[in-house]
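The values are calculated or read from the model by the stated rules, or taken from the named source; none is laboratory data. Keep in mind that this is a model prediction, so the values were computed, not measured. Note: ideal-geometry Cβ built from the backbone for every residue, glycine included; neighbour counts use all protein chains shown. To get the accessible areas, we keep the full protein, side chains included, count just its heavy atoms, and leave off ligands, DNA and RNA. Shrake-Rupley method; radii C 1.70, N 1.55, O 1.52, S 1.80 Å.
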Amino acid sequence: MTGSGGETLSNLLHEERRFPPPPELADAANATAADYARADADRLAFWAEAAGRLEWARPFDEVLDWSRAPFARWFTGGRLNAAYNCLDRHVAAGLGERVAFHWEGEPGDTRTITYAELTAEVCRAANALRALGVRTGDRVAVYMPMIPETVVAMLACARIGAPHTVVFGGFSADALRGRILDCDAHVVITADGGYRRGKPSALKPAVDEAVRECPDVRSVLVVRRTGQEVDWTDGRDVWWHDLVDAQPAEHEAEAFDSEHPLYIMYTSGTTARPKGILHTTGGYLTQVAWSHWAVFDVKPDRDVFWTAADIGWVTGHSYIVYGPLANGVTSVMYEGTPDTPHQGRWWELVEKYRVSILYCAPTAIRTFMKWGADVPAQFDLSSLRLLGSVGEPINPEAWVWYRRYIGSERCPVVDTWWQTETGAQMISPLPGVSVCKPGSALRPLPGIAADVVDDTGTPVPDGAGGYLVLTEPWPGMLRTIWGDEQRYVDTYWSRFPGLYFAGDGAKKDEDGDIWLLGRVDDVMNVSGHRISTTEVESALVSHPRVAEAAVVGAADPTTGQGVVAFVILRGDGAAPGTDGSAGADEVAAELRSHVAREIGPIARPRQILLVAELPKTRSGKIMRRLLRDVAENRALGDVTTLTDSSVMDEIRERLPSGGTGSAAGGAGAEEA
Ligand code: PRX
């Protein structure tokens with residue numbers, strides 16, 4: 001990230017802890033150092049071999065056709081069916097009685113679904129979609145809670161070659177409508193509602209509202225989950241149990257071209273209009289299956305795998321549905337929130353189902369830190385053998401906490417970097433090979449080529465920072481933005497010609513290992529130094545009193561930008577000023593010096609605000625944009641993607657009056 005002064009991203013935070021793989025894991029690891037060597041020697045041959053994890057109805061002719069770059073075609077000429085690969089072939093191999101999902105509803109109801117049962121249900125649903133007139137290539141929108149029918153719906157779409165677009169159930173009617181219209185879906189699959197925070201939470205009313213202005217939606221297929229009252233439009237609305245249950249449990253899975261569209265997943269961009277990220281079949285399924293097998297070291301006959309994310313995000317698509325099922329693995333799926341009915345719900349599930357591999361987001365880990373280590377300590381977590389993290393940079397302290405209190409100092413933690421656009425994990429340790437460093441995703445997986453470059457696209461040396469790029473195409477890559485090829489080229493391939501621009505800042509350490517530093521728009525410029533918000537947040541979280549921190553750069557007449565931190569204290573630390581412990585001012589002063597000690601005086605926050613909650617998107621990412629609005633005393637921008645908009649009112653109330661516009665004035669007691 002070369003600035004005008006030729007300065008690269010300041011590489012300030014130092015982390016010396018090292019965690020080698022446990023010997024028993026290394027001895028039996030699925031992926032070994034030889035995988036790096038083979039992929040380095042011949043990347044395409046490596047992926048061709050990985051494609052052998054799937055069953056192809058017709059073998060492919062060519063591994064990669066990059067002649068129309070940046071529009072890739074992987075495994076050209078090959079034909080396969082994604083649902084067949086996730087289901088029928090396991091049943092045919094005699095694994096029909098293996099559990100595909102241990103599903104647990106938030107109220108405590110459960111369902112155990114074997115591969116044979118899931119296959120039969122997907123066949124019925126595929127027949128039902130055909131009965132509704134869905135043809136191969138038609139798009140189907142899915143707006144569902146976390147129930148087994150959501151997986152069934154996705155696989156039924158895949159089975160008939162109708163790309164699904166799953167819209168997260170927490171999104172509004174507006175967001176749903178925009179996505180339905182953008183991809184021109186004519187059928188919507190939904191439910192009356194789902195359970196969240198101890199109550200039924202309705203979904204059908206949002207669908208009714210959304211499709212009022214979607215004239216081409218002719219059918220709405222509705223699962224009964226909560227038994228809530230629903231409005232009904234005759235001729236359009238159909239109950240799942242009426243239509244699907246009446247279908248035959250046999251359905252011949254047709255093989256489709258390797259490049260046949262599998263799904264569209266909408267993700268937000270810098271403009272208001274979301275981007276429809278298109279994934280296709282053969283390459284995507286190859287990379288999710290390989291990465292799930294290698295990064296999680298899954299042993300399908302004994303592991304119990306749990307991705308604790310929503311299916312409405314790419315993490316759910318790749319590591320609840322397609323990866324685990326392609327590998328014939330047993331998974332846990334949980335409908336509700338982590339604190340319903342108590343803060344130990346996840347750990348109760350780990351104990352109950354003997355979960356051996358857990359994959360979740362740093363935001364969840366930091367929430368558990370806030371609730372305190374005594375919560376997981378009440379449960380038997382001895383079945384766990386591997387932990388994963390995804391979605392944001394994980395602060396070293398959160399990483400160490402996760403390993404200590406969830407993983408009993410025994411389980412490796414794999415920090416996996418990837419994106420909706422990449423389809424599958426890209427930069428991550430291999431748990432049987434890598435010596436882990438808390439907070440680093442280390443290096444690209446075998447078969448993946450990534451680098452960190454400066455403004456001119458030149459790789460930075462070890463020890464320096466810049467922009468993360470992917471330098472070679474990969475099988476699970478997005479193929480385009482639905483309906484907008486130019487936006488695909490402009491967004492990802494124009495900043496650095498020939499390189500995929502991920503939009504993330506990163507640095508290479510002295511060993512060449514990669515540290516992700518957040519989105520590049522989250523970089524601050526303080527007195528000409530480029531400072532990563534992630535590094536300052538990590539320094540704050542390394543203080544024993546801090547559970548979570550969000551840092552933004554706010555305009556500052558003296559330094560360009562000043563560092564403003566929003567901090568949540570840990571649950572076991574009493575609220576400042578209420579019990580004779582240090583007051584808010586003292587805590588803030590202590591934290592400011594702590595950051596200065598950890599990183600350097602340049603990163604010392606101008607201002608620290610102690611808050612109860614942080615504004616987050618529904619996928620758990622901190623909305624720094626809103627915090628920047630607060631820090632710069634502006635009217636708030638769009639808050640529609642916020643989980644809970646009252647959080648922002650509360651944060652504003654904590655603001656010292658008079659605004660925060662300058663380094664010297666207005667920042668109250670926290671001022672330097
Ligand atoms: O900024 C990176 C961050 O999440 C972005 C991708 O978000 P999304 O498309 O919603 O996919 C999330 C699940 C794959 C990235 O550009 N990100 C994701 N994983 C990590 C990460 N940042 C740092 N470390 C990670 N492990």
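Out of (1) part of a strand (DSSP E or B); (2) at pLDDT 90 or above; (3) more than 16 Å from the ligand (Cβ to nearest atom), what's the single condition that is false for Ala555?
Result: Ala555 passes all but (2).
Would you call Leu325 open to solvent by 10 Å² or more (accessible area, probe 1.4 Å) and either in a helix (DSSP H, G or I) or touching a Ser or Thr at 6+ places or on another chain (Cβ under 8 Å) (or both)?
No: the conditions fail for Leu325.
When you check Ser331 against the structure, is it in contact (Cβ under 8 Å) with a residue 60 or more places away in the chain, part of a helix (DSSP H, G or I) and crowded, with 22+ Cβ neighbours inside 10 Å, yes or no?
Numbers: in contact (Cβ under 8 Å) with a residue 60 or more places away in the chain: yes; part of a helix (DSSP H, G or I): no; crowded, with 22+ Cβ neighbours inside 10 Å: yes.
No, not satisfied.
Taking into account only those residues within region 351-394 that are modelled with pLDDT under 95 and among the basic types (Lys, Arg), which is farthest from the ligand (Cβ to nearest atom)?
This residue is Lys370.
Within region 138-156, is there a residue that is open to solvent by 20 Å² or more (accessible area, probe 1.4 Å), more than 27 Å from Asp303 (Cβ to Cβ) and not in a loop (DSSP other than H, G, I, E, B)?
Going residue by residue through region 138-156, those that are open to solvent by 20 Å² or more (accessible area, probe 1.4 Å) are 138-139, 149.
From the residues that got through so far, the ones that are more than 27 Å from Asp303 (Cβ to Cβ) too are 138-139.
Pick out the ones that are also not in a loop (DSSP other than H, G, I, E, B) and you get none.
Looking for residues that are open to solvent by 20 Å² or more (accessible area, probe 1.4 Å), more than 27 Å from Asp303 (Cβ to Cβ) and not in a loop (DSSP other than H, G, I, E, B), one finds none in region 138-156, hence no.
Check Arg124, Arg196 and return the single one that is open to solvent by 10 Å² or more (accessible area, probe 1.4 Å) and either modelled with pLDDT under 95 or at positive phi (or both).
Testing whether each residue is open to solvent by 10 Å² or more (accessible area, probe 1.4 Å) and either modelled with pLDDT under 95 or at positive phi (or both) leaves just Arg196.
For the list (1) outside any helix (DSSP H, G or I); (2) more than 23 Å from the chain's Cα centre (by Cα); (3) surrounded by fewer than 24 Cβ atoms within 10 Å (Cβ to Cβ), I need the number of the one condition that Leu221 fails.
Every listed condition holds for Leu221 apart from (3).
Which of (1) β-branched (Val, Ile, Thr); (2) crowded, with 24+ Cβ neighbours inside 10 Å; (3) touching a Pro at 6+ places or on another chain (Cβ under 7 Å) does Val489 not meet, given it meets every other one?
Status for Val489: all satisfied but (2).
Would you list the strands (runs of 3 or more DSSP E) that sit entirely within region 487-532 and hold 3 or more residues that are modelled with pLDDT of 95 or more and more than 16 Å from the ligand (Cβ to nearest atom)?
none
Test of understanding: among Gly432, Gly463, which residue is more than 9 Å from the ligand (Cβ to nearest atom), at pLDDT below 95, in a loop (DSSP other than H, G, I, E, B) and not basic (Lys, Arg)?
Values: Gly432 fails: at pLDDT below 95.
One residue alone meets the criteria, Gly463.
Could you say whether any residue in region 645-661 is under 20 Å from Asp522 (Cα atoms), out of contact with any helix residue (DSSP H, G or I) (no Cβ under 7 Å at 6 or more places or on another chain) and either at pLDDT below 80 or within 16 Å of the ligand (Cβ to nearest atom) (or both)?
Within region 645-661, one or more residues are under 20 Å from Asp522 (Cα atoms), out of contact with any helix residue (DSSP H, G or I) (no Cβ under 7 Å at 6 or more places or on another chain) and either at pLDDT below 80 or within 16 Å of the ligand (Cβ to nearest atom) (or both).
Could you check, for region 267-274, whether at least one of its residues is crowded, with 21+ Cβ neighbours inside 10 Å, under 31 Å from the mean Cα position of the chain (by Cα) and more than 20 Å from Ala128 (Cα to Cα)?
So the first thing to find is which residues in region 267-274 are crowded, with 21+ Cβ neighbours inside 10 Å, and the list is none.
No: region 267-274 contains no residue that is crowded, with 21+ Cβ neighbours inside 10 Å, under 31 Å from the mean Cα position of the chain (by Cα) and more than 20 Å from Ala128 (Cα to Cα).
Got at least one residue in region 89-101 being at negative phi, open to solvent by 80 Å² or more (accessible area, probe 1.4 Å) and in contact (Cβ under 8 Å) with a residue 60 or more places away in the chain?
Looking only at region 89-101, we keep the residues that are at negative phi, and these are 89-93, 95-101.
When the remaining residues are screened for being open to solvent by 80 Å² or more (accessible area, probe 1.4 Å), the result is 92, 97.
Filter once more, so that each one left must be in contact (Cβ under 8 Å) with a residue 60 or more places away in the chain: none.
Looking for residues that are at negative phi, open to solvent by 80 Å² or more (accessible area, probe 1.4 Å) and in contact (Cβ under 8 Å) with a residue 60 or more places away in the chain, one finds none in region 89-101, hence no.
Counting just the residues of region 607-618 that are open to solvent by 20 Å² or more (accessible area, probe 1.4 Å) and touching a helix residue (DSSP H, G or I) at 6+ places or on another chain (Cβ under 8 Å), which one comes out farthest from Thr533 (Cα to Cα)?
Ala612
Could you check Arg410 against (1) open to solvent by less than 20 Å² (accessible area, probe 1.4 Å); (2) modelled with pLDDT of 95 or more; (3) not aromatic (Phe, Trp, Tyr) and say which number it fails?
(1)
How many residues does region 205-218 hold that are farther than 20 Å from Leu129 by Cβ and either over 28 Å from the mean Cα position of the chain (by Cα) or charged (D, E, K, R) (or both)?
We begin by selecting, within region 205-218, every residue farther than 20 Å from Leu129 by Cβ; these are 205-206, 208-209, 212-213, 215.
Restricting the remaining residues to those that are either over 28 Å from the mean Cα position of the chain (by Cα) or charged (D, E, K, R) (or both) gives 208-209, 212-213, 215.
Selection size over region 205-218: 5.
For region 395-429, how many residues are in a loop (DSSP other than H, G, I, E, B), within 15 Å of the ligand (Cβ to nearest atom) and among the small types (Gly, Ala, Ser)?
Number satisfying all stated conditions: 3.
Within region 346-375, how many residues are closer than 28 Å to Val536 by Cβ and part of a helix (DSSP H, G or I)?
10
Within the set of pairs 6+ apart or on separate chains, which have a first residue in region 142-159 that is under 18 Å from Ala308 (Cα atoms), a second that is hydroxyl-bearing (Ser, Thr, Tyr), and C-beta atoms under 7 Å apart?
From region 142-159, the pairs are Met144/Thr150; Met144/Thr190; Met146/Tyr334.
So, Glu106, is that one part of a loop (DSSP other than H, G, I, E, B), at pLDDT 95 or above and within 29 Å of Arg302 (Cα to Cα) or not?
Here the answer is yes, as Glu106 does meet what is asked.
Taking Cys157 as the residue in question, decide whether it is within 22 Å of Glu117 (Cα to Cα) and among the hydrophobic types (A, V, I, L, M, F, W, C).
It is true that Cys157 is within 22 Å of Glu117 (Cα to Cα) and among the hydrophobic types (A, V, I, L, M, F, W, C).
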